[in-house]
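All remarks here apply to the structure that follows.
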Amino acid sequence: MTSVSAEADTAALAMRASQPPVELVSGSNGGVERAFRAICLLAILLPLMLLVLLFGGALIEAIPRLSWDFLTSYPSRRAAAAGILPALVGSAGLMLLTAVMAIPVGLGAAIYLEEYAKPGKVTALIELNISNLAGVPSIIYGLLGLEVFVRVLNLGRSLIAGAATLALLLLPMVIMASREALRTVPRSLREACFALGADRWQTLRQVVLPMCMPGVLTGVILSLARAIGETAPLITIGALTYVAFLPDSIDSPFTALPIQIFNWVSRPQPEFHINAAAGIVVLLALMLMMNGAAIWLRTRLRRRIYW
Amino acid sequence: MRAENIHAWFGPTHALKGVTMSIVDRQVTAIIGPSGCGKSTFVRCLNRMHEVVPGARVEGKVLLDGQNIYGTRINPVRVRRHVGMVFQKPNPFPTMTIRENVLAGLRLNGQSSSDPEHVVETALKQAALWEEVKDTLGKSGSSLSGGQQQRLCIARALALEPDVLLMDEPCSALDPIATARIEELVHELSSKYTIVIVTHNMQQAARVADFTAFFYQGEIVEYGETDVIFTRPQNQRTEDYITGRFG
Amino acid sequence: MPSQNVALSLHAPRARSERVIARVLQACGWLSVLTTAGIVAVLLFEALGFFREVSVIDFLTDTEWTPLFADKHFGIWPLLSGTLLTTIIAIAVALPLGLLAAIYLSEFARPRVAGVLKPVLEMLAGVPTVVYGYFALTLVTPALQRFVPGLSGFNALSPGIVMGIMILPIIASLSEDAITAVPASLREGAYALGGTKLGAVFRVVLPSASSGIIAAVILGVSRAIGETMIVAIAAGQQPRLTADPRVPLETMTAYIVQVSLGDTPTGTLEYRTIFAVGLSLFVMTLLLNAVSHRMRARILKGGAL
Ligand SMILES: Nc1ncnc2c1ncn2[C@@H]1O[C@H](COP(=O)(O)OP(=O)(O)O)[C@@H](O)[C@H]1O
Ligand SMILES: [Mg+2]
């Protein structure tokens, strides 16, 4: 603390030294400040404008390819005839399986930490671990999935192996979102329920979960919207880059939309870059729809909770 | 119901320091005392709600019908079914309708009443809420006014047919008219239920209670018939408190 | 009232299901610990297999990385330098922009404006990296080639810049936290001595927030090191020990992608290289995250310095 104020003092002294003795009405300083303010604002707007520009560029590039046929065709060696049907079906299957695995486990872990765990070393360890996991690069999850799901559990380079890998990747996010949702339920309602002779699980089932479900689902959909763009872990576990069939079971080999995009970007021919741009437009549209769905769900389910 | 030498802690804070007190069946017992003296803590010890707070601890005995509710093989969840509780702020379950709120306790205890409509009607009538809500039982509990919500919470507790009803400052969040209705209700209910009501309002204690206990700094200072406590207190502190000299 | 059945029902045993449920929920919590353990075990196991055939000394001192060629070399430096070069470029973009953005949000913007700008800025971090990779390769690189002579089609500059835009929100939001944590009394002290807002920001606020800003940069570095698709798409696949941002190179992450795309049989040395590289990556990011986390925790506890 003392070092802070010492530094502040010297800074303040330095400032006084650099200023003219008596000048109450000063225009120049305000001008400098305004210029600096504009520069700061520019630091925010510039990257955003660049992003808009890049999106615009991708959209213009994509327009010749965007059609119903693009969505319903299989990949092809001829760029103009190629489509993203297997990738779309693969991504949908992945998201579904991932959600089925990540929601119960993530919500369960959140409930454990919020409602059951006693504060202590073990709980602190689990919490530290979750925040660490959130910072592990996604490609490392791919290596984990490759070794554990593809090889040891012998699931092969299948849809289920990909979904399990993504589920582990999403787990920290789902846990954190669920914990936040659980915390919004006031303590007084839990106590009211206990006072009626309910045990912890009944209180959860009857009172807490119905109230926090909108928050949990919103969090899950937002994390899925992120997962649908995940590429690196799927490449690592061996998602195929050229698939001319639809996955028909959870053991099927598969491709996914970001993988298909990556495949097209990596081709040297510019025609395939057009396909990649079109795939990107579809991917971003899906992400926007999922984000919209999350917001819609939140407001809609909120209305069922009467405050 | 009888509390024997109850000590309660919040972590290191010693909130109740040996409270012994017999509560008379089918009478209203008021607990008064300055804020922070342990009133809420005490009633929460009577249905094992104190231990729900993380880090909280209780010692001593509470006898309900001759059984110590802190005995070794007692299930606290069961105790709460017999000792109902109404809280300071009305807290109906926001995801449930009025009907579901009243039936919540039964449903939670896994009992399917043969005639739920009858249970709802009886409980709401006992809580003097039936006439106001009988046509809107499917609406949300939170759509009601504050006073109605509190009576809904009372009905919710009564639907379980408890032996004892604990009320922790049930009127402190309500306006005077709603308060008067609850006080009337407490009076009516005392013919069937043993009631313990915490209040910081001495007039209220004088109006509704047969017995009154004065708590101070985690200890019971004086306990007796309400008339005696208010007209001829034995203890100087009680006198100071009820004449408004402190607290 | 039903006083005669009190005796029975008070003794009803605690539901066994309640205990089973508690166990199941606890298992869910432990699964996250198991995930970490799994990551460590997998990386260590395969990396140990790798280091039985390649000495750690070679790994750390050889300056060539050619495991897929006939003349095999296993020096991590070319990959590491590729990762460091793209990361430095990313930070060079993200730090000034992020810091200025943080100053704007905390010192100049009205709360409502900040409330709109922050989520919009967050969107930069939400764009899928494969999309950023496409931007870098097909839009940014051609644009840069007009100004930067000798810029190759694959290079470190373009993906580095794009990665900088991706990590900008992290640096901006953590720096903003650090700036907001500077006690108002310090600022007021500066004003009371006749300091201008600008003076207060540069001589009092930023120095006091410096450790928080450093923590933000460290986390940004960690993200950039682990970022995969942008560099895999736009930086090339040629491991090369160079500081020249104009030529193709390969990062650690891009190497893992390159091997994964091929049909490398499990159990071979090539297969194990990606785990050795992955282990290095994991250790680096873990250390950086921990340092950043520590620094931020200390700031939150009070005592900005
Ligand atoms: N959740 C809690 N954690 C820690 N201390 C508490 C908690 N609740 C109450 N206390 C302490 O216990 C004492 C008694 O509180 P309480 O029973 O709520 O008083 P009253 O209801 O009479 O106002 C007070 O000193 C209070 O500070
Ligand atoms: Mg109280």
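Points to keep in mind about this one:
- Summed buried accessible area for A+C [probe radius 1.4 Å, Å², rounded to 100]: 7200
- Directionally averaged shadow of segment B:1-153, computed from the convex hull of its alpha-carbon atoms, nm²: 10.6
- Within the accessible area of segment C:77-300, the carbon and sulfur atoms contribute 66%, probe 1.4 Å, all protein chains present.
- Backbone HN-Hα couplings from phi across segment A:193-205 [Karplus 6.51/-1.76/1.60, Hz, Gly and Pro as x]: 6, 4, 5, 8, x, 9, 8, 4, 5, 4, 4, 4, 4
- Within the same chain, aspartates and glutamates fewer than 8 places from residue C:118 are excluded, and of the rest, those with a Cα less than 13 Å from its Cα are C:176, C:177.
- Across C:167, C:230, C:214, mean-square fluctuation computed from a Gaussian network of chain C (C-alpha pairs under 10 Å connected) peaks at C:214.
- Spatial separation of Cα centroids for segment C:230-255 and segment C:124-198, in angstrom: 21
- Chain A: relative contact order in percent, alpha carbon pairs under 8 Å with at least 6 residues between: 24
- Taking N as the residue count of chain A, its C-alpha radius of gyration divided by 2.2 N^0.38 Å amounts to 1.35.
- Note on segment B:11-63: semi-axes of the ellipsoid equivalent to its C-alpha gyration tensor, largest first and rounded to whole Å, are 20, 14, 10.
- Each of A:186, A:172, A:131 was scored by the projection of its Cα onto the charge dipole of segment A:78-302, and the greatest displacement toward the positive side belongs to A:186; charges sit on the C-beta of Lys, Arg, Asp and Glu.
- If only the Cβ of Lys and Arg carry +1 and only the Cβ of Asp and Glu carry -1, the dipole of chain A around its Cα centre is close to 620 debye.
- Computed 3J(HN,Hα) for segment A:212-227, one whole-Hz value per residue from the Karplus formula 6.51 cos²θ - 1.76 cosθ + 1.60 where θ = phi - 60°, is 9, 4, x, x, 5, 5, 4, x, 5, 5, 5, 5, 5, 4, 6, 5, glycine and proline marked x.
- Entry note, segment C:77-300: relative contact order of 31 percent, from Cα contacts under 8 Å with a spacing of 6+ residues.
- Over 23 Å [Cα-Cα, segment C:85-201], rounded percent: 43
- Rule-of-thumb Rg ratio for the protein assembly as shown [Cα; 2.2 N^0.38 Å; N residues]: 1.17
- Partner shielding of C:204-212 amounts to 2, given as the average count of beta-carbon atoms from other chains within 10 Å of each residue beta-carbon.
- Remark: relative contact order (segment C:40-182) = 30 percent; criterion is Cα-Cα distance under 8 angstrom and separation of 6 or more residues.
- Checking the Cα-Cα distances for B:17/B:61; B:125/B:192; B:39/B:89; A:121/C:301 against a 21 Å cut-off, no pair goes over it.
- For the set A:184, C:129, solvent exposure ranked by accessible area (probe 1.4 Å, protein chains only) runs largest to smallest as A:184, C:129.
- Panel values: segment C:77-300, Kirkwood radius from alpha carbon pairs, Stokes-Einstein at 10 °C and 1.306 mPa s, translational diffusion coefficient 84 µm²/s.
- Accessible-area order (highest first, 1.4 angstrom probe) of the listed residues B:26, C:112: C:112, B:26
- Whichever aspartates and glutamates have a C-alpha closer than 14 Å to that of residue A:118, once near sequence neighbours (fewer than 8 apart) are set aside: A:127, B:51
- Rounded FRET efficiency, nearest 0.05, which uses the C-beta distance separating residue C:34 from residue A:245 and R0 of 41 Å: 0.75
- Computed over neighbours whose Cβ is under 11 Å from that of residue C:289, the net charge equals +3, Lys and Arg +1, Asp and Glu -1.
- Solvent exposure of the protein assembly as shown as accessible area per residue, Å², 1.4 Å probe: 43
- At least 27 Å along the helix axis (C-alpha) and Kyte average at least -0.5, DSSP helices within chain C: C:16-53, C:77-103, C:157-180, C:269-300
- Share of carbon and sulfur in the accessible heavy-atom surface of segment A:78-302 [1.4 Å probe, %]: 65
- Heavy-atom accessible surface that B and C bury in contact, both chains counted, 1.4 Å, Å² to 100: 1300
- Near residue B:33, the amide H atoms lying under 5 Å from its own belong to B:215; only residues 5 or more places off or on other chains count, and H is placed 1.01 Å from N.
- Calculated log₁₀ intensity ratio I(q)/I(0) where the Debye formula runs over C-alpha points of segment A:88-160, q = 0.18 Å⁻¹: -0.94
- Eligible aspartates and glutamates near residue B:134 by straight Cα distance, threshold 19 Å, same-chain separation 8 or greater: B:100, B:115, B:117, B:121
- Over the C-alpha trace of segment A:31-144, radius of gyration and Dmax come out as 23.5, 61 angstrom.
- Between A and B, roughly 2100 Å² of accessible area is buried in total, ligands, DNA and RNA not counted and the probe set to 1.4 Å.
The values are calculated or read from the model by the stated rules, or taken from the named source; none is laboratory data. Since we're looking at a predicted model, the values are computed, not measured. Positions of Cβ are generated from backbone atoms using ideal geometry, with glycine treated the same way; all protein chains shown enter the neighbour counts. Areas reflect the complete protein model, heavy atoms only, side chains present, ligands, DNA and RNA absent. Shrake-Rupley method; radii C 1.70, N 1.55, O 1.52, S 1.80 Å.
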